[in-house]
Amino acid sequence: MNLKNNTRLWITALLIVWGFDLLFWKQEPGISFAIFVGLCLLGGLFLAFEEKLPPARASLLLLVPILFFSIMTFLREEPNTSAFNVLLTLVCMGLLALTFRGGKWLSYSLSDMVMGVFRLAGSALGRPIGTFGKRPVAAESASPDLPSTAAETPQAPKRRSVLPLLRGLVLALPVVAVLAALLASADPIFSKQLEGLLTWIRIENLPEYIFRLAYILVGGYLLVGVFLHALTTSREEKLVGMEKPWLPPFLGWTEAIVILAAVDLLFAFFVGVQFRYFFGGQANITLEGFTYAEYARRGFGELVAVAFLSLLLFFGLGTITRREAGAQRSTFSVLGMGLVALVAVILVSAFQRLLLYEDAYGFSRIRTQTHVFMIWLGALLVATLVMEILRKPRWFGLAALTAALGFGVTLNLLNMDAFIVRENVKRAQAGAELDMAYLVGLSDDSIPQLVSSFNNADLPQSLRDDLGGALACRTSINAYTAEHRADLNSLPRITFPGYHISRARAASLLASQAQALKAYPTSVVDDGIWQVTIRGEVRDCYAFRSID
């Protein structure tokens, strides 16, 4: 299926990618990503409206997570949360392109999602080629029963393509350049005028202009393919394995049962060993020769990996195993549900270790993210049990997507860096040590909570001094960076596309505390290390060690 107006398609795509260039080239990330996402959505909806190709209602539901996560990119600055916001936005936009007119994303299995990536990539790479030299659909759809002259009546409007014009400009540039050089050599007055013109357009930046033009054209080409897939291909999409399995089962039932039974026995043995620690606590840990801290630190990452890989094993076996009789299916389901149940217990063990770790050492980014991730992985395990009972394995794709979206929403609503400050201050208030240098390294998302805790008169003065030192470090480092930004080539200029609500709010709050923070003088030593003086003690502003 062709579009009525390929010229409009190309102009829209190129304008969007040109907007991307203006928003991101030498710009600090801020509101720019949300604006670019909005341009893509508006461009796609504009083309759909002009081509009279309306989206499916189910596909419009994807606009909710797309808008949420794209907006959160300039509300949250914590790097891992920001990266996940961008990733989830792109995933949902990909699903929107794949199912724009069909609306079948709610029925996607995990295989559909994987295959959809390849289908969309193939369309982005190959579909734009078919638009070159294509006539408008209205002209192509003339009735074959009419004489050829009837399809070429004077009343039929002729649409002109912009592509020949672009090709002509590209071919004209080298010709004009050569002739201009010869004319400049022949006439000194013309040479001076030409030199002034080249100075105005900054000819020394010509390689940059060529590079930017190249990626705008490449990006526009790929975006044309994505738009074509969304508008013409997504209507008649066939789901993987709906009519027949995409991969015919080839593994024998006996072999699969042996694998499941062996893994179940292994997990049951592990759960048996772990069971005493669920109730014995620190006393039993010490009896086995491990300190409380050693037990807390070891293993929770590996246990999370075991839970994740076990889910993949179960669904992989479910896909490739031949299960013919009812008894075979029931046995496989029972062992599979036993595997999932044991994995849930293992996940509880991992979660307990993480809680011990947090209690012993406090909160950090990786611990907080793992904490949230394990909760949503546990929810996915429960959903897996329900799907196996209902014999609905296709739902796993939607369940996994829901868990990923839930994880992202939780990170954003939690405000991870502010949460870390709040919880570590509570621990310090209870007698634990506060790692001031670690707090300095958090993003601007943490500043409101730092300021609030610093101004909390109920906190001990020594703790408030530590928080004041952290704020003084941030104020001095931020001011130094802003003052020397023009001299630091690695830092982009800050303009409107780089506006970020978290950074703006942090700057305002730090400015409001300027008078109080004079009690904590800062300085920078010769090797570039910032230091702050707190209660007469000089401390480094940054933690120079890994905190996991």
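The values are calculated or read from the model by the stated rules, or taken from the named source; none is laboratory data. Predicted model, so just to flag it, every value in this text is computed and none were measured. Note: ideal-geometry Cβ built from the backbone for every residue, glycine included; neighbour counts use all protein chains shown. Heads up: the accessible areas ignore ligands, DNA and RNA and are worked out on the full protein's heavy atoms, side chains in. Shrake-Rupley method; radii C 1.70, N 1.55, O 1.52, S 1.80 Å.
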### Query
Somewhere in segment 48-69, is a residue open to solvent by less than 20 Å² (accessible area, probe 1.4 Å), farther than 30 Å from K4 by Cβ and touching a residue at least 12 places away in the same chain (Cβ under 8 Å)?
yes
## Note on the structure
Here the residues within segment 87-126 that are in contact with a Gly (Cβ under 9 Å, 6 or more places away or on another chain), assigned to a loop (DSSP other than H, G, I, E, B) and within 20 Å of F396 (Cα to Cα) are T99, Y108, S109
## Note on the structure
Picked from segment 424-436 (must be part of a helix (DSSP H, G or I) and out of contact with any helix residue (DSSP H, G or I) (no Cβ under 8 Å at 6 or more places or on another chain)), the residue least open to solvent (accessible area, probe 1.4 Å) is R427
### Query
Of the residues that make up segment 298-306, is at least one in contact (Cβ under 8 Å) with a residue 12 or more places away in the chain and part of a loop (DSSP other than H, G, I, E, B)?
yes
### Query
Looking at (1) crowded, with 20+ Cβ neighbours inside 10 Å; (2) part of a helix (DSSP H, G or I), which is the only condition D21 fails?
(1)
#### Entry: Subset tally (residues that are of a type outside the set (D, E, K, R), in contact (Cβ under 8 Å) with a residue 40 or more places away in the chain and more than 22 Å from E77 (Cβ to Cβ)) for segment 456-467
1
### Task
Evaluate the following for F419: is it part of a helix (DSSP H, G or I) and under 22 Å from L95 (Cβ atoms)?
no
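Residues are listed down the side, and each one gets a yes or a no for (1) out of contact with any Pro (no Cβ under 6 Å at 6 or more places or on another chain); (2) among the aliphatic types (A, V, I, L, M); (3) open to solvent by less than 20 Å² (accessible area, probe 1.4 Å):
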site: R329; (1), (2), (3): yes, no, no
site: L356; (1), (2), (3): yes, yes, no
site: T384; (1), (2), (3): yes, no, yes
site: E388; (1), (2), (3): yes, no, no
### Summary
The residue that is surrounded by the fewest Cβ atoms within 10 Å (Cβ to Cβ), considering only those in segment 303-323 that are more than 15 Å from L342 (Cβ to Cβ) and of a type in the set (S, T, Y), is T319
### Task
Taking L442 as meeting all but one of (1) open to solvent by less than 30 Å² (accessible area, probe 1.4 Å); (2) under 22 Å from the mean Cα position of the chain (by Cα); (3) under 22 Å from A305 (Cα atoms); (4) in contact (Cβ under 8 Å) with a residue 40 or more places away in the chain, write down the number of the exception.
(3)
